[in-house]
Structures are given as C-alpha cells and as structure tokens.
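These notes concern the structure reproduced below.
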Amino acid sequence: MPLFLQTTSPLSMQLVLPLENDSPVPLHRQIYEQLRQRILHGQLPPGQRLPSTRVLAHTLSISRTTASLGYEQLLSEGYLQTRSGSGTYVCDQIPEQLLQVDPLKVPVPSTALVPRLSRYGKSLSENWIPRDEARPQAINFRYGSPAFDALPLEQWRRLLVRHCRCSPGVLDYSRDPLGYQPLRESIARYLNRSRAVRCQADQVLIIGGSLQALDLTTRILIDPGDVVAVEDPGYLGARNTFLSQGADLLGLPVDKEGVMMEKLTGQLPRAINLVYVTPSHQFPSGAVLSLPRRLALLAWAKANNALIIEDDYDSEYRYSGRPIPSLQGLDQGNSVIYIGTFSKVLFPSLRIGYLVLPPDLLPVFAQARWVVDRHSPMLEQYVLRDFIEEGHLERHIRRMRSLYAERRHVLVEALHTHLGNRAIILGEEAGMHVLVRFQTQISDEVLIEQAAAVGVGLSSAAINYLCTGVTGEFIFGYADLTPEQIVEGVIRIAHILHR
Ligand SMILES: Cc1ncc(COP(=O)(O)O)c(C=O)c1O
C-alpha cells in the first residue's frame, strides 16, 4: 500500500503505512522502520510535520500506545523532534547526515604531508619483513592453525551465553591489569601440573597473546641499541618486535639439541641482558632443547644477570620421549620470563596468552599494561576460566594430541613414500608443524608458485633466518588438514619436484 500523506490541514493529515498484523516484527517496530526509510529517502523531508499519535492510531487502526512507541524510537534516535505545542516534525538534520562526510567538502592539502615518524615508527617500517604466509589454497600447509573443525565450540558457546547474561563485572573496566584473578589461578594450576612451571597465580599476567607479551617485555627491558640474543633460525614475530624497538640482534645457531650456547659463552663485544628461546619446540626447526643446554643457559643467565624469554607456544603437543621440564621450572635464579598462549590449544583469534613473571617485575608490567590498554577483555577471561575448570581444555588437548600425532605421522609417511631422499624431515617430535628440507634446484619462489598452481599452499622458512640465502626449507603445518588432504598435497608437490 503506498504512502499517502496529506499535509494541507494538520488536523486532517493522514499517514498510511502498510502494516502486517501477522508479521513477527511488532507493529511499533514496523512503524519505526517504515518512517525511518521514508525520512532517509526524502519522502518525509526535513521539517515535515507528522500526524499526532492519536490521528496515526486512528488512521492505521492501532492503539495509541503502539503509535507512540514507534515515534519515541525515532525521537530518541534523532530522526524526529517535537516542538512544544505544535507537534512532531522530521529533524532538520537526520542522524545519517551527521555521520557522513562529503568527500568533496574535505579540504585536500596542496602538498602531500610526509608524517614525521618516531624512532619506533621508522624502525618498524625500515625493518619490516612481511610474513611469508602460505597463500589460501585448497590444501594449505600453513603453520600455526589448529584443527578448527575439532574445537569444542558447543561448550565454549554455552559458557559465553552464561557469562554474557549474568556475570557482574564482565562489561566494566577491571581494576586489575594483571587479569581476572580466578583465571590467573586456573592458569597457574594448569601450568604447575602440565608444564612443571613453578608459579603462584600472583605471578601470572593475562595478555593479548604471545606477541603482546613480547612487545611489553621489550618495551620494559630493552633500550635502543641493546643486544638481544635470538635463535637463528627463529620466530620472525619475535625478531620484528625486538628490531622495531631498536634492539640489535645476536643470532645463536640451532642444531638437533636446540639453540647452541657457544656465542653466548664466548667473548662478547657488548653485554647481553635478554635471550629469546623456544625450548620445547624450537621455531621453526622443531628441535627440543636438551636438558644439559637448558641448565647451561640458566647458569649463564644467572652469572650474567640476564633474563631469558621462554616462548612455550605449542609445547602441549609432544608425541615421543619424556617431557623435559620448562626452563622456568628448572630456574633457581628468577631469570625466566615464561610466555604461553591459547592460540594453539584453542584458537588464535581469542588473543589470550599469559606471562609468568619473576616477582620483582610484576609491578612494572602491571603499570605498563594499564598504560597500554588496561587489560584483556573480561568476557573471554570468564569463559576461559570455566572452560579450564570444567576440564574442557585438557580434554581437548588430549584429543588434539592424538589427532595431530596421526596427522603428523601421515605427513611424514607421505613425504617418505612420495619424495624419498628428496625430502629431509626435521623436528618431528612435537608441535603442529615440521620443517622439511627439499633437495632441489628449484627456488623457493618458483616452488611456491608451482604449488599454488596445483592448489597447494607452502611457506618457505627462509624469512626466519637472520642471514639471507637459505633455500629449500619449508614449514609444513598439518594440524588443520585431513589425512587425505595431506597425502594429496604431498603427491602434488612430488609431481613438481620429480619433473
Ligand atoms: C614461536 C611462536 N610463538 C608464538 C606464536 C603465537 O603467538 P600468539 O599467541 O600471539 O598468537 C607463534 C605463532 O605461530 C609462534 O610461532
């Protein structure tokens, strides 16, 4: 039914709106929506007077309350205004106009401004190495992604609904930048039993993932020009963080036992007060740092008054051998800053990780966190706490451990079967990826292109090296691929390498 608006006499003014009595949308909502559309499309122009609610109710055969509810919503959102004694009018400026900027009216500077960057801004843009992520393909050996289709989302959803509805404090600022205390207690207990991390809940700081933990740690401990020792090859995310904040890097080579200590214990031109390592599953080689090296690293840190960052990003997934305690658990000297994340055991977009800090560092970390962004979102912290306490997390990890062990086995077998000695597999004891070295003359770029052409996504490991020129090494993530996809992907790569 078309809109019929008669404006000649306010008393007889009529507004006909086609309302549907059977619709699930309440009548007052239909009035609101139809009037709003007419205002937006100019059929009811600014300054237009509307019929009174009494007249509208009469015209549409609805109650006056229904008519008033429709008007009130439009009044509260700024589409209508009342003028005392004379009725209800369409506003001169409707809300959408206040939100929109006409590009023609924005002044264009006559000369383009080049913003002056801070030291941090400059080193970020000068040292930036884009992440070499496998391009989206049907079979994507990207690393770092868990098996999304195996997540216990039903339990997660139930807890989300529970806390969304009725948890006090879930929506407000928290006064504690260290995080939701019950979650900190759950994490401390979880780390004690599963990672032999020795800590109290008071040492745990909930943070937006490992990268934010690294960023905050660097800001607090490193001045431009300080040297940070890192594994080489190592995690690009950590390297970018240190470089962006002006640190110089000392690369420590890696072998089958993990990071090598010789450079640290030798003659050093400058003191080193921070070392970044991934002992449970060296990234990307996959080596597990041996116990003698763990003890040597801790002894070195103590003797040199240095701190060690232990990034324990995917240690939950260990498939053979006896678990070696975390560095933090072996430490006698408060030398270890332990970083963990829920990105691998749950999902990366959760953006929740944790730091376990030596007690002396807690106050400054709490202050920095408050300055930077107050704290992590509370709703997810409440949900995660119950998720851990109800046993879902560890049950999920146990299930994923056998799922990933099977997928890893399928990958290793497929590489042996289809590539033989053209593929050397490194670091297959733990984690969610293996490093594979191909014996080939084909460059990494060409291999990535050719694999993409047959629907396979590959990630070169070259960017994880401090030196340039390393080729033929690829990081194979397998956690989010079915056994069939894994085998098919390897067969397609084998066809390229056998050409
Ligand atoms: C060595 C290492 N640390 C940490 C992470 C995860 O970081 P976040 O917790 O910020 O997601 C990754 C991701 O792939 C990683 O490779």
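The table that follows gives values for the structure above.
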read-out: Residue check for ARG219: assigned to a helix (DSSP H, G or I), more than 30 Å from ILE425 (Cα to Cα), touching a residue at least 12 places away in the same chain (Cβ under 8 Å) and charged (D, E, K, R); value: yes
read-out: Failed condition for VAL446, given (1) open to solvent by less than 60 Å² (accessible area, probe 1.4 Å); (2) hydrophobic (A, V, I, L, M, F, W, C); (3) closer than 14 Å to LEU497 by Cα; (4) without any contact (Cβ under 8 Å) to a residue 24 or more places away in the chain; value: (1)
read-out: Meets criteria (within 14 Å of the ligand (Cβ to nearest atom), buried (at least 21 other Cβ atoms within 10 Å of the Cβ), in a helix (DSSP H, G or I) and not charged (D, E, K, R)) for LEU355; value: no
read-out: Residue list for segment 364-385, filter: assigned to a helix (DSSP H, G or I) and crowded, with 19+ Cβ neighbours inside 10 Å; value: PHE365, ARG369, MET378, GLU380, GLN381, TYR382, VAL383, LEU384, ARG385
read-out: Residues of segment 388-421 classified as of a type in the set (S, T, N, Q) and either under 24 Å from the mean Cα position of the chain (by Cα) or surrounded by 15 or more Cβ atoms within 10 Å (Cβ to Cβ) (or both), total; value: 0
read-out: Conditions (1) crowded, with 19+ Cβ neighbours inside 10 Å; (2) of a type in the set (Asp, Glu); (3) under 21 Å from the mean Cα position of the chain (by Cα); number of the one not met by ASP149; value: (1)
read-out: Unmet criterion (only one of (1) within 16 Å of the ligand (Cβ to nearest atom); (2) in a helix (DSSP H, G or I); (3) closer than 28 Å to THR471 by Cα) for SER349; value: (3)
read-out: Tally, over segment 286-320, of residues that are open to solvent by 40 Å² or more (accessible area, probe 1.4 Å) and within 18 Å of ILE397 (Cα to Cα); value: 3
read-out: Test result for VAL228, open to solvent by 10 Å² or more (accessible area, probe 1.4 Å), under 18 Å from TYR338 (Cβ atoms) and under 31 Å from the mean Cα position of the chain (by Cα); value: no
read-out: Pairs where the first residue, in segment 22-51, is in contact (Cβ under 8 Å) with a residue 12 or more places away in the chain and the second is of a type in the set (D, E, K, R), C-beta under 6 Å, 6+ apart; value: LEU44/ARG38; PRO46/ASP92
read-out: Matching residues in segment 200-216 - criterion: being out of contact with any Ser or Thr (no Cβ under 9 Å at 6 or more places or on another chain), open to solvent by 10 Å² or more (accessible area, probe 1.4 Å) and not in a helix (DSSP H, G or I); value: GLN200
read-out: Scope segment 233-291; condition within 26 Å of the chain's Cα centre (by Cα) and of a type in the set (Gly, Ala, Ser); matching residues; value: GLY234, GLY237, ALA238, SER244, GLY246, ALA247, SER280, SER285, GLY286, ALA287
read-out: Condition met for VAL456 (open to solvent by less than 40 Å² (accessible area, probe 1.4 Å) and touching a Gly at 6+ places or on another chain (Cβ under 6 Å)); value: yes
read-out: Segment 208-225, residues that are more than 14 Å from the ligand (Cβ to nearest atom) and in contact with a Gly (Cβ under 8 Å, 6 or more places away or on another chain); value: ILE222, ASP223, PRO224, GLY225
read-out: Condition met for ALA287 (out of contact with any Asp or Glu (no Cβ under 7 Å at 6 or more places or on another chain), touching a residue at least 12 places away in the same chain (Cβ under 8 Å) and not polar (S, T, N, Q)); value: no
read-out: Among (1) among the hydrophobic types (A, V, I, L, M, F, W, C); (2) at pLDDT 95 or above; (3) open to solvent by less than 10 Å² (accessible area, probe 1.4 Å) - the single one ILE424 does not satisfy; value: (3)
read-out: Segment 327-346, residues that are among the aromatic types (Phe, Trp, Tyr) and either buried (at least 24 other Cβ atoms within 10 Å of the Cβ) or more than 16 Å from the ligand (Cβ to nearest atom) (or both); value: TYR338
read-out: Filtered residues of segment 459-492 (kept if crowded, with 23+ Cβ neighbours inside 10 Å, more than 26 Å from ALA150 (Cβ to Cβ) and touching a helix residue (DSSP H, G or I) at 6+ places or on another chain (Cβ under 8 Å)); value: ASN464
read-out: Some residue of segment 464-478 being of a type in the set (S, T, N, Q), over 27 Å from the mean Cα position of the chain (by Cα) and farther than 18 Å from ASN140 by Cβ; value: yes
read-out: Test for LEU205: is it under 23 Å from the mean Cα position of the chain (by Cα), within 16 Å of the ligand (Cβ to nearest atom) and within 27 Å of PRO325 (Cα to Cα); value: yes
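The values are calculated or read from the model by the stated rules, or taken from the named source; none is laboratory data. On a predicted model such as this, the values are computed, not experimentally measured, just so you know. Glycine gets a Cβ as well: all are built from the backbone with ideal geometry, and neighbour counts include every protein chain shown. In case anyone asks, the SASA skips ligands and DNA or RNA and just uses the protein heavy atoms, side chains included. Shrake-Rupley method; radii C 1.70, N 1.55, O 1.52, S 1.80 Å.
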